[in-house]
Every structure is written in structure tokens, then in C-alpha cells.
Amino acid sequence: MRQSEKLIGFVNVAWDGGVHAFVFDTMTSVAFRRHGLATVLIKEAVDRAKQASCEWLHVDFAPHLRRFYFDVCGFRPTDAGLIPLK
């Protein structure tokens, strides 16, 4: 997302070529936080994943972002697994 020529926010979405898409790196510029930009970015990610015929959009996040992803963006908790590699 840009304001004039300045990048103020972005989100990366990876797709497995099938039914799963994955949200990575939702970021907004410090000066533009708390203005709803991340919510707009996630909505765009959802819309684009739907357009690609994905059935699922996954996200991993730090605990302090739980309210944002669950309460604001509508993600739901799921069972998942994790193997620490370090």
C-alpha cells in the first residue's frame, strides 16, 4: 500500500497452487499504525486468495497479535503442529 510514492504497508501471501494460502509479513509504517491499514491489507489478502480459488488462508503470529488476527480479521484458532529447528 502506498501513499503518494511512499510505501506505508504490505502483506505477503504465499500459495501452494492448491487450496491453501498463507499470510506472511503483514507490516505497516510506524507513522501509519492504528489507522486500520493492516486490516485493509488482510482484507485484500482474503479477497485475492478467494479469487485464486483457495479454500483456506492460514496465518501464524506472535501472541501480542492474537486479538488483531482473531477479533479484528476473523481468523479462527486451529490445531497445528510445529517443529523447532534451532
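Residue check: is F61 within 12 Å of the chain's Cα centre (by Cα) and surrounded by 11 or more Cβ atoms within 10 Å (Cβ to Cβ)? It is true that F61 is within 12 Å of the chain's Cα centre (by Cα) and surrounded by 11 or more Cβ atoms within 10 Å (Cβ to Cβ).
Restricting the stretch 47-68 to residues that are part of a helix (DSSP H, G or I) and in contact (Cβ under 8 Å) with a residue 12 or more places away in the chain, the residue that is farthest from I8 (Cα to Cα) is A49. In the stretch 72-80, is there at least one residue being at pLDDT 95 or above, surrounded by 11 or more Cβ atoms within 10 Å (Cβ to Cβ) and not in a loop (DSSP other than H, G, I, E, B)? Checked the stretch 72-80: at least one residue is at pLDDT 95 or above, surrounded by 11 or more Cβ atoms within 10 Å (Cβ to Cβ) and not in a loop (DSSP other than H, G, I, E, B).
The values are calculated or read from the model by the stated rules, or taken from the named source; none is laboratory data. Just so it is clear, the model here is predicted, and its values are computed rather than measured. Note that each Cβ is placed from the backbone with ideal geometry, even for glycine, and that neighbours are counted across all protein chains shown.
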